[in-house]
1. Taking the criterion of being closer than 30 Å to B:ILE212 by Cβ and in a strand (DSSP E or B), would at least one residue in region B:329-339 satisfy it?
2. Can you tell me which of (1) in contact (Cβ under 8 Å) with a residue 24 or more places away in the chain; (2) away from chain B (no Cβ under 14 Å); (3) not hydroxyl-bearing (Ser, Thr, Tyr) is the one A:PHE202 doesn't meet?
3. Tally time: how many residues in region B:329-351 are surrounded by 13 or more Cβ atoms within 10 Å (Cβ to Cβ) and either among the acidic types (Asp, Glu) or modelled with pLDDT of 95 or more (or both)?
4. Of (1) within 14 Å of chain A (Cβ to nearest Cβ); (2) of a type outside the set (Phe, Trp, Tyr); (3) within 13 Å of ligand 2 (Cβ to nearest atom), B:SER38 satisfies all except one. Which?
5. For region A:241-249, does any single residue satisfy the condition of being within 14 Å of chain B (Cβ to nearest Cβ), surrounded by fewer than 20 Cβ atoms within 10 Å (Cβ to Cβ) and free of Cβ contacts under 8 Å to residues at least 12 places away in the same chain?
6. Given the conditions (1) out of contact with any Gly (no Cβ under 6 Å at 6 or more places or on another chain); (2) within 18 Å of B:ILE26 (Cβ to Cβ); (3) of a type in the set (A, V, I, L, M), report the number of the one that B:VAL242 does not fulfil.
7. Taking B:TYR13, is it surrounded by fewer than 21 Cβ atoms within 10 Å (Cβ to Cβ), within 14 Å of chain A (Cβ to nearest Cβ) and within 16 Å of ligand 2 (Cβ to nearest atom)?
Amino acid sequence: MNNNTYYESIIERKSRLSVITRIIILGLFLSFTVFPLFWLFLSSLKDRLDIFAFPPRFLFNPTVENYRGLFVKTFLEGGAGQTDFALCLANSFITAGLGTFFAVVLGVMAGYACSRFHFFGKNDYLFFTLSTRMLPPVAVIIPIYIMFSRLGLQDTRVGMILLYTMANLGLAIWIMKGFYDSIPTQYEEAGLVDGYTRWQIFWKIIIPSVRGGIAATMGFCFIFAWNEFTFASIVTTRYAKTLPPRIAAALGAAGLDWGQVAAAGFILIIPVLVLFIFIRNYLLMGMTFGVLGRR
Amino acid sequence: MARVRLESLKKHYGSVRAIDGVSINIESGQLVVLLGPSGCGKTTTLRCIAGLEQPTMGKIYFDDREVTHLSPSERNVGMVFQFYALYPHMNVYENITFPLRACRVPRKAIETKVKEVVQIFQLGGLLRYKASILPPGDQQRVALARAVIRDPNVLLLDEPLSALDEKFREEMRSELGKLQKRIGITTIYVTHDQREAMALGDVIVVMKDGVIVQMGSPEELYEHPQSVFVGNFLGTPGMNFVECLYDNGLLFLEGTEHRLSLKRSDLFAKLSSYQGKEVILGIRPEYVSLFEKSFENGLSIAILAIEPAGRYRLVDFLIGERVFRVRTDWSLPLIVGHKVYLYFSEDHICLFDRSSGEAIVT
Ligand SMILES: Nc1ncnc2c1ncn2[C@@H]1O[C@H](COP(=O)(O)OP(=O)(O)O)[C@@H](O)[C@H]1O
Ligand SMILES: [Mg+2]
């Protein structure tokens, strides 16, 4: 008993000291991570003068002009009408969304097969799918560019959806396999004995047990596809252009309109942020590839 | 509920012979225990009966219907897995009705069935809880309820008590025995714990290295082991063994100058072919009495150790190079190092062939 209180007091003293260090480290960390986001948001609400003001202003008259300017052409850009920003935004949602959807649907099934069944060349196949994710995009961009132009997929949403499905599939299979591996086969056997077919067991027992894994996989895949820049900037030019290359292009076009760039950047961040908040616990489970994850 | 018959069942994994010719006949409503050390093929046998493994050879019958090649879902068996395998995302009610929902039982019938098993397994207050948060004892009752709710042909239990702690295990054991009798369901119970087997089994099937070494009632196995292995495996502690030389009604205990003279005439007949040969004498710890005074046929041996065990004491001796254990009550004052006289109850002596370990007389 005495010893315990003694140790506890040491721990307490230590923790009081460490609280201060923790605050300092955390403060540094936040200034690198959250502050830029905050600054981005402020800048998107500033007019030209406020943006270039020095010292930087935290208090100013906010304006939504930058956001409006993203969607509606300004005088400088050649008068009235809409810009292609809305189109790019829609493209981003559609290609990232459907690319994620197909990758997850396929990954959920293929991951199960890889976890539970033995088939010829399984390990080679698993390694191959992961290696597609390890290659730098630049290495495969030329063959893909040639394939896409021959097949008429150049600058189409279908092409981009295919591309993102392919790029995410390996990751989806691996994460899902990790989750399935952590489920003892006894559950399936119990289901068999209880009178169900393998397919029914997959839907009624296995899928509900890996909901977290599916959410994590969706998060990873969507964020990758949503942020993807290299493929999009080479393969799309106009009709299927997504936000990342669009914003990059805006940087060079009509001078440097930092306000609009900040607004576009902030719009780009919102879905990722929202997604993160909803599935952050599952994302952590996904990081450990389900090995440590609770079901 | 059905009779279950296994006909020279074999299951080989490559060169591993998990089970190698197992034949058992189980009457309807019986509780049969498959007993044996780890790795002897108990689980494999059970999984073959459930249909989770396809036997390499042999046949399985429920009543007179052959089920060897049916899928698990066509066999209507109930199974409790070692760690229960309750579906973690379902509550207790959903878990126990899961087998019924597989075969489209009408709602009304489901409710009646649920009421029945809830009453039997005392699950009253638990139905709405997630199965995964229940303590092991409750989980086990839920697993049992799920296994029997469909009135299966046979109930299969694979070491159902091994996840519980010692104290609780005994409680659940007797509970389980009573429930089985009450429901009257044909049951196959797998365990490596001979005490469980002795307490529960109508019939015990002792297995080793994929084959049955002996089967029979607990009493039969205990009193008349057909091999050194069974004698040693059953009982706490197991049977004592002493190597002896047989000569004309006399047993010379090897490594000592002691000898026993046999009186039972039936022993002489059976031992006639062992004249001048070595045999193994086996006797259970409780069939040896200790005396302070010399006695005919008494062996005077020094006490090696004394271990109190509740109402009894276990007294260790050294005969030859083997420890020999005797169970005795507290009436005699015993001191480690002092000599006492051991008297073997001749009715309970077993004799085994030295080379094969098979019984000559039990
Ligand atoms: N799927 C399998 N593949 C290869 N060998 C197995 C397999 N299942 C069981 N075995 C082997 O078969 C033998 C019997 O196993 P098991 O039936 O689980 O024994 P028990 O339940 O009596 O402990 C063991 O030697 C085990 O290693
Ligand atoms: Mg086993």
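1. No.
2. Only one criterion is unmet by A:PHE202, namely (2).
3. Residues in region B:329-351 being surrounded by 13 or more Cβ atoms within 10 Å (Cβ to Cβ) and either among the acidic types (Asp, Glu) or modelled with pLDDT of 95 or more (or both): 1 in total.
4. So B:SER38 meets the others, but not (1).
5. no
6. (2)
7. Working: surrounded by fewer than 21 Cβ atoms within 10 Å (Cβ to Cβ): yes; within 14 Å of chain A (Cβ to nearest Cβ): yes; within 16 Å of ligand 2 (Cβ to nearest atom): yes.
The answer is yes for B:TYR13.
Every residue, every condition in (1) buried (at least 22 other Cβ atoms within 10 Å of the Cβ); (2) touching a residue at least 40 places away in the same chain (Cβ under 8 Å), yes or no:
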residue	(1), (2)
B:ILE96	yes, yes
B:PRO99	yes, yes
B:ALA102	no, no
B:ALA109	no, no
B:VAL118	no, no
B:TYR129	no, no
B:GLY137	no, no
B:ARG141	yes, no
B:ASP151	no, yes
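The values are calculated or read from the model by the stated rules, or taken from the named source; none is laboratory data. Keep in mind it's a predicted model, so treat the numbers as computed, not measured. As a convention, Cβ positions derive from the backbone with ideal geometry for all residues, glycine included, and neighbour counts pool all protein chains shown.
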